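One structure is given here, and the rest of the page talks about it.
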């Protein structure tokens, strides 16, 4: 839809986003909705079957897409995540092959995968390791570190509608507020 905006609107948005980049993010970018979606049939889903989804402001996602697209250019060919032309089929087969080889040889096989449980400090180090300037690495991670996550409930939606952003905080939910939290690990 944004592609259809008139040039004057696009220019105003560009200047606003440029200001967000140079100064500070708008308050609404520092909040996100958390919604759980079942990975299996909702009728039989348990808490272990829920996939966490975060709903972010669209302009925020677009700014991050610009940054991530520029970073993609420096990713190693062995990197499969965040690569539009790469699938996980190759690495998955490599892991299976290595596991089978270790089993046949009677040796140990060690590995890890923790996309959703990576501490923020490790995310910064990972970006730096790729060659991303430290200030940009912190910008990317801090954008989420300071982002209040609000569980998407009818109460929270109603409170936001009635009281705007002031209703969303880390205070316990009440007649006037909806409680959120700051994520410690992972990235939306």
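The values are calculated or read from the model by the stated rules, or taken from the named source; none is laboratory data. None of these values were measured; they are calculated from a predicted model. Quick reminder, even Gly has a Cβ in these numbers, built from the backbone with ideal geometry, and neighbours come from all protein chains shown.
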Criterion violated by residue 2 - all others in (1) free of Cβ contacts under 8 Å to residues at least 40 places away in the same chain; (2) outside the structural domain of residue 154 (by TED's automatic domain parsing) satisfied:
(1)
Among the numbered conditions (1) outside any loop (DSSP other than H, G, I, E, B); (2) over 21 Å from the mean Cα position of the chain (by Cα), tell me where residue 142 comes up short.
(2)
Restricting to the stretch 17-43, name every residue that is in contact (Cβ under 8 Å) with a residue 24 or more places away in the chain and farther than 21 Å from residue 141 by Cβ.
35
If we keep only residues of the stretch 21-78 that are assigned to a strand (DSSP E or B) and exposed (fewer than 13 other Cβ atoms within 10 Å of the Cβ), then the residue modelled with the lowest pLDDT is 51
What do you reckon, is residue 161 part of a helix (DSSP H, G or I), at negative phi and within 18 Å of the chain's Cα centre (by Cα)?
no
All conditions in (1) surrounded by 11 or more Cβ atoms within 10 Å (Cβ to Cβ); (2) not assigned by TED's automatic domain parsing to the domain that holds residue 130 are true of residue 104 except (1)
Selection from the stretch 146-158 of residues under 16 Å from the mean Cα position of the chain (by Cα) and either at positive phi or loosely packed, with under 14 Cβ neighbours inside 10 Å (or both) yields 146
So for the stretch 82-97 (the condition being in contact (Cβ under 8 Å) with a residue 24 or more places away in the chain and either farther than 21 Å from residue 141 by Cα or surrounded by fewer than 11 Cβ atoms within 10 Å (Cβ to Cβ) (or both)), does at least one residue qualify?
no
Residue set 167, 137, 178; condition more than 24 Å from residue 51 (Cα to Cα), modelled with pLDDT of 85 or more, in contact with a strand residue (DSSP E or B) (Cβ under 8 Å, 6 or more places away or on another chain) and surrounded by 13 or more Cβ atoms within 10 Å (Cβ to Cβ); output residue 167
